[in-house]
Amino acid sequence: MQAKTLLTSGLMLVLVAGCSDRAAELGAKWGCGPVDGLGQIVKGGAPGFILVGEFTETSEAPAAFAELACHLAARQGEKDGPLFVGVSEYLGGATDAETRMRVRLDALVAKGAPIAIGVIGGDDHPYSVRQRSLAEKEWARNIEVKVAAAGASRALLLMSRTDAIADTIPPRGDRFAGYDPMATFLPKNEVLALEIRNTPQAGVSAPAIRLYPKMTDGFHGQIALASLTRPEVELVIATSKTNTEPLVPAADVRALLSGPGSRESKIKALADILESQGTIRFGADSGWSLEAQEQMFRVKATQLYDIWSFQNPKPEAPATAPTLPVEDEPVPN
């Protein structure tokens with residue numbers, strides 16, 4: 001019995017070592033960039049769905065995501081099928097960083113990496129204000145269908161930070177009922193949600209994977225980057241037919257964003273401007289419903305608002321001493 005146990009243990013060590021050597025060889029062949037702490041998520045086999053949540057349109061996150069895809073693809077076994085890599089459809093055009101990420105992923109495929117690239121979101125991501133959980137459930141099923149159609153055993157998905165949350169979002173006040181995000185409808189115990197964070201670590205310049213002791217804010221861990229920046233974006237909503245003069249001057253948009261009002265009210269106002277100026281054009285035969293078109297404008301307005309908020313953080317309010325009640329002065333006799 002003891003001999004059999006020793007033989008089994010030895011065989012497992014040989015298999016693990018063989019897999020590790022093969023992954024290292026393929027990683028070197030494909031030029032995978034360094035990712036610190038990778039062993040934490042591939043030990044014993046990577047989860048079925050790895051969600052990476054980023055603050056959209058950063059300069060560093062897409063590059064880190066592409067190198068993570070490279071390493072995970074190198075660890076796909078011959079019988080595992082490809083790694084499904086899901087990316088978003090960028091409204092208004094992708095940034096240079098996002099374009100470089102797609103070029104890098106395409107280059108990996110050209111080198112023979114078992115990667116199937118697919119777009120998640122857009123038509124696959126229904127939206128409903130009153131039935132948000134049901135819409136998120138449908139999105140999860142749509143993603144599962146795409147992964148299965150690609151013959152993939154694992155999926156690596158890049159999405160906005162809010163979309164990657166893997167825990168129920170509770171209600172907030174009387175205006176927000178809460179909902180179950182898409183990740184909660186994926187196969188149980190097969191989801192790992194990582195958030196992109198700017199948390200540099202001494203001596204580590206590469207992206208670093210850190211798992212939390214317990215789920216925090218809907219994430220199991222983070223991909224820590226030494227820096228996290230966004231390119232400056234001129235908030236001109238639409239241009240004239242000559243593409244030279246803005247129909248809505250940037251100053252007007254800035255006044256809206258920096259003026260009074262809640263986040264929700266500003267996003268709604270931005271969406272109305274986008275729609276009225278025809279920033280996103282839909283042909284008569286596009287097949288887009290009015291509800292879907294309104295959702296598109298809202299998503300783009302949210303992106304613009306988030307970029308503005310990132311570039312123009314609100315100053316912290318100065319601390320003030322508590323106001324004490326003033327006692328009435330005694331009335332002289």
Has region 27-34 got at least one residue that is aromatic (Phe, Trp, Tyr), surrounded by 13 or more Cβ atoms within 10 Å (Cβ to Cβ), closer than 22 Å to Ala164 by Cβ and at pLDDT 75 or above?
-> no
Leu134 passes all but one of the listed conditions (1) in a strand (DSSP E or B); (2) out of contact with any Lys or Arg (no Cβ under 6 Å at 6 or more places or on another chain); (3) over 15 Å from Gly48 (Cα atoms); the exception is number (1)
Of the conditions (1) free of Cβ contacts under 8 Å to residues at least 60 places away in the same chain; (2) part of a helix (DSSP H, G or I), Val147 clears all except one; give me its number.
-> (1)
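Condition check ((1) out of contact with any Phe, Trp or Tyr (no Cβ under 7 Å at 6 or more places or on another chain); (2) assigned to a loop (DSSP other than H, G, I, E, B)) across all residues:
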site: Ala66; (1), (2): yes, no
site: Cys70; (1), (2): no, no
site: Gln76; (1), (2): yes, yes
site: Ala97; (1), (2): yes, no
Tally of residues being modelled with pLDDT of 95 or more and surrounded by fewer than 19 Cβ atoms within 10 Å (Cβ to Cβ) across region 73-102 | 0
Residues in region 151-161: is at least one over 17 Å from the mean Cα position of the chain (by Cα), without any contact (Cβ under 8 Å) to a residue 24 or more places away in the chain and surrounded by fewer than 20 Cβ atoms within 10 Å (Cβ to Cβ)?
-> no
Which one is nearest to Asp163 (Cα to Cα) among residues in region 37-72 that are surrounded by 19 or more Cβ atoms within 10 Å (Cβ to Cβ) and among the hydroxyl-bearing types (Ser, Thr, Tyr)?
-> Thr56
Cross-chain or 6+ apart pairs with Cβ under 6 Å, region 34-52 first and touching a residue at least 60 places away in the same chain (Cβ under 8 Å) and within 17 Å of Ile143 (Cβ to Cβ), then assigned to a helix (DSSP H, G or I) and small (Gly, Ala, Ser) = Leu51/Ala183
From the list Lys111, Lys137, which residue is in contact with a helix residue (DSSP H, G or I) (Cβ under 9 Å, 6 or more places away or on another chain), touching a residue at least 60 places away in the same chain (Cβ under 8 Å) and not aliphatic (A, V, I, L, M)?
-> Lys111
Arg102 fails exactly one of the following numbered conditions: (1) part of a helix (DSSP H, G or I); (2) more than 23 Å from Tyr305 (Cβ to Cβ); (3) touching a residue at least 24 places away in the same chain (Cβ under 8 Å). What is the number of that condition?
-> (3)
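The values are calculated or read from the model by the stated rules, or taken from the named source; none is laboratory data. The structure displayed is predicted, hence computed values, not measured ones. FYI the Cβ positions are ideal-geometry reconstructions off the backbone, even for glycines, and counts take in every protein chain you see.
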